[in-house]
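Let me begin by presenting the structure, written as structure tokens, before commenting on it.
Bear in mind that the values in this text are calculations on the coordinates, not laboratory data. Values in this document were obtained by computation on a predicted structure and should not be read as measured data. Glycine also receives a Cβ, built like all others from the backbone with ideal geometry; neighbour counts cover every protein chain displayed.
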Amino acid sequence: MKLLFELSMECESLARSEAKAVASIMDADPRVVAEDDGILVLETCADPERLVDRLALCHHVSEFKGSCDLAEIDALAEATDVEGPIRVRATKVGLPKAGLDLQDMSRRIGGIIGKGRGVDLHSPRSELRIVSSRRLYLGRLIGSIDRPSFEKRKNRYLPFNYPISVHPKFARAMVNLTRVRDGGNVLDPFCGTGAIVTEAALAGLNAMGSDLSEDMISGAKQNLAHLGVGAEFFVCDVGHLKDVVGPVDGIATDPPYGRSTSTNGESLDSLYARSVASFGEILEKGARVVLAKPDESMISSVEGFASVETHPLWVHRSLTRHFSILERL
């Protein structure tokens, strides 16, 4: 099936990479059909509903019906065969096209596709989505990502919180970028309040967290219990993962950085280098480390790992998170 992904634009490159990663988890060889601003079309045998359940940085997943220029949209609509009654919604990515009225387009295309099938704005059998990017994309909606659920899991709403904690939607994306399959082991070796561990568990993985601080481990356990999520935790220094935790399938982590975090006096350069060396001891060839870092140059090239890609996300004036993926050689 060809699937149309409407991507989040808050960090589009990260959203695009996450969608491809999740499709690759469920299908060894998804094929890119088209890419556009805020748009990804993949041909894949992955279960689209499972894709919807696992993704974070996406808005909607639809069965791809075609793409065209503005002048060709009526012809594409006439050739579209779906079960009725139908509803059509039109939206845009980026700047609107000259002469494009989304409301008018929804009505007009709804009239074309709904002819003989009927239109039902409240309980349609098929919802059609028209997305305006550099081209127009038409899809039959399969599912929408439950993005409000990620907001409800923000650190501020949990019993144990800390000034710096990665947002659940980015935590989920990091977990997905490890490309670990259902039931595999994903470790956060700097688990803090447990955001990444939570998302790993909710994604259907065997979630594991470790931290040097007993207080952090205790707090993370409180948060996961509050959310009704289970995971395995360890109190240990990152250099002792091989002996305490053992082999894992992937690592996703947001290591300490900035003035409000503690590294027990160790420099960030030393901590990061020591951490990746320890990661190499518990990962098999091809396994991935996904980490957030404050400087793109940190851990850009380390022995035993290849740098796959990095995605910058501006957080505020003094912080840009760089989400980096390393692959074990």
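Points to keep in mind about this one:
- In the chain, the longest principal axis of the Cα atoms and the axis of helix 214-227 are about 30 degrees apart.
- Database remark: amide H of E309 closer than 5 angstrom to the amide H of I325 (H placed geometrically; neighbours at sequence offset of 5 or more, or on other chains; Pro and chain starts carry no H).
- Taking every DSSP helix (H) stretch of at least 4 residues in the chain, weighting each as -39,500 (n - 2.57) and dividing the sum by the residue count yields a mean residue ellipticity at 222 nm of -8500 deg cm²/dmol.
- Within the chain, DSSP assigns beta bridges of which about 65% are antiparallel (rounded to the nearest 5).
- The chain, relative contact order [Cα under 8 Å, separation at least 6], %: 14
- M26, M105 arranged by Cβ crowding within 10 Å, fewest neighbours leading: M26, M105
- Distance from the Cα centroid of segment 180-256 to that of segment 40-63 is 26 Å (rounded to whole angstrom).
- FRET efficiency estimate (nearest 0.05) - Cβ-Cβ, Q103 to I164, R0 45 angstrom: 0.60
- Qualifying aspartates and glutamates (Cα of each under 16 Å from Cα of K65; at least 8 residues distant if same chain): E6, E35, D36, E43, D74, E78, D81, E83, E127
- Segments 270-283, 148-161, 75-88 sorted - mean Cβ within 10 Å per residue, highest first: 270-283, 75-88, 148-161
- Over segment 2-145, relative contact order from alpha-carbon pairs under 8 Å, at least 6 apart, %: 29
- By the rule of a C-alpha distance below 21 Å, with chain neighbours fewer than 8 residues away ignored, the lysines paired with K152 are K169, K221.
- Read-out semi-axes √(5λ) of the Cα gyration tensor in Å, derived from the coordinates shown; its label in [x] 44, 24, 16; [y] 41, 19, 18; [z] 32, 23, 19: [y]
- If R0 is 30 Å, the Cβ-Cβ spacing of D295 and E327 corresponds to a FRET efficiency of close to 0.90.
- Working ranking of peptides 12-22, 63-73, 242-252 by packing, defined as the average number of other Cβ atoms within 10 Å per residue, highest first, is 12-22, 242-252, 63-73.
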